[in-house]
Amino acid sequence: MTRAQKAIIAFLFIIALAFIASVGIYAFQSYRAFVTQPLGPALPSAPLSLPPTWTPTVSLVTPEPTPTHSTPIPGAEAYIPTPFSITLAPRVVCGGPDVMNIIVVGADSRSDGYLYGLGDAIRLVRVDFTTPKITVLEFPRDLWVEIPYIADNLNGQDHEKLNQAYLYGQPGFRYWDDPSGGPGLLSLTLDRNFGVHADHYVAVNMRTFVNVVNAVDGIDVTISNEKSAKLFGLQIGENHLNGDEALKVVRNRGNGTFGRADNQNIVLCGLRKKLTSPGVITKIPELIQSFQDNILTDFTPEQLSQLACLGTKMPPQNILFATFPEELFTQTHIFDPVFEKEVFTWDVDFNILADYVAQFQAGTWPQPVPAKPESTKTEIVCQ
């Protein structure tokens, strides 16, 4: 091979490398653009009372001067070292933020769309990427709350049930003009009444919930008492449920409002266990892609991958499902001008609930403690 031929080959090789590099850069940029693009409109900003995001600090502490000699030396000063401490940032896993608060809504719409639908199940999820830990707080849907932006459409009425906040924000009603729709209006309602500060949202209708459960080949749940087994038409112990069977469990009201929340939490535990199983975890990107048009969320694919990663690194006992203490609530009825009749609501001190929410968002409540038979259970731990 002549020197000229070698030079030509070397030149062509460099051109090929440059081409491959440019294609790689373009592919990477396209990938980043996709994974960092939110799948839906962001939640509206609301005034926050929380402290600013924690950052590493270096604090210098100067102690009171103390003499180093019993007899001062004229013209000399005692050297006093200045101690300092460095506060290191907590270690996060899976590339997530320190903490993420998510509003999760189960809509009662049976269609594939999100034109209408009440907020049938409402949860606030706190995701801690440093512990790691997930805590889930249930909000009863029959709380009589102030809902912003609805008064002009309801002849001045600005209160309704909590589940109505989601409905009034959806495109079928559109009682406020914001792209975030029902999740956004529900977020502002939870903030105004209870001080909830959410970062993201996920809303799922009943048909999509059924399809998700079926897509992972069903879930396994454990029924521990005979009454629940009869209500659900299941057996005591472990049961395998398809999507429709899981939906029947989460919507069953036979054990009352708080018992229904427990039913939902048991199913969520089963779904969590299935999603983190070796056979399913690798399919999560495909599941996300399959259902991204059927789920309302402002997450990016990258953030969803972070959550999936966290699920594989977290022990089951670090997933807690909490409810407000049942003894705080009293059944009552309020006249609803919209329906022109009295409707069932819960009478409860919102200041007390707001205090629980503040503790929840700070990560100090609930704590996993053994439940006493005679006490009111406020949390379920995924096994």
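Taking the Cα centre of the range 143-285 as origin and assigning +1 to Lys and Arg Cβ atoms and -1 to Asp and Glu Cβ atoms, the resulting dipole is close to 520 debye.
Using only the C-alpha atoms of the range 241-366, find the volume of their convex hull and express it per residue in Å³.
185
Residues in the range 181-193 carry Karplus couplings, in order, of x, x, x, x, 5, 5, 4, 5, 5, 5, 5, 5, 8 Hz; the curve used is 6.51 cos²θ - 1.76 cosθ + 1.60 with θ = phi - 60°, and Gly or Pro positions show x. Model label sites at Asp98 and Glu286, defined 7 Å from Cα along the beta-carbon direction, differ in position by 3.9 nm. Here the simple spin-label model places points 7 Å from the Cα toward Cβ, and for Ala215 and Phe335 these points are separated by 4.8 nm. Extension gain, His240 to Asp178: 0.36 nm times the residue separation minus the Cα-Cα distance gives 18.2 nm. Once backbone amide H atoms are built at 1.01 Å from N, Leu320 has Ile134, Thr135, Val136 as its partners under 5 Å, excluding neighbours fewer than 5 places away on the same chain. The Cα atoms of the range 134-217 cover 48, 29, 23 Å along the three principal axes, with the biggest extent listed first. Sequence-ordered 3J(HN,Hα) estimates for the range 115-132 from the Karplus curve with 6.51, -1.76 and 1.60 and θ = phi - 60° stand at 6, 10, x, 7, x, 5, 9, 10, 10, 10, 10, 9, 9, 9, 8, 9, 6, x Hz, glycine and proline given as x. Per-residue extension of 0.36 nm, minus the Cα-Cα distance of Asp347 and Gln317, leaves a gain of 7.5 nm for this segment. Pairs from the table (Lys161/Lys283; Lys248/Lys273; Lys230/Lys313; Lys161/Lys274) lying more than 30 angstrom apart at Cα are Lys161/Lys283; Lys230/Lys313; Lys161/Lys274. Between Ala4 and Gln359, the modelled label-to-label distance comes to 8.7 nm, taking each label 7 Å out from Cα in the direction of the beta carbon.
Can you give me the long-range amide H partners of Val343? Hydrogens built in the peptide plane at 1.01 Å from N, cutoff under 5 Å, separation of 5 or more residues or another chain. Long-range HN contacts for Val343: Ile334, Phe335, Asp336. Potential lengthening of the chain between Gln37 and Gln367 amounts to 115.3 nm, from the contour at 0.36 nm per residue minus the alpha-carbon distance. With unit charges on the beta carbon (Lys/Arg positive, Asp/Glu negative), name the residue among Ala261, Phe350, Thr330 whose Cα is farthest towards the positive pole of the charge dipole of the range 261-351. Checking the options against the dipole of the range 261-351, the answer is Ala261.
Read-outs throughout are calculated quantities, based only on the coordinates presented, and are distinct from any laboratory measurement. Fair warning: this is a prediction, and the values are worked out from it, not measured in the lab. Every residue, glycine among them, receives a Cβ derived from its backbone with ideal geometry; neighbour counts consider all protein chains shown.
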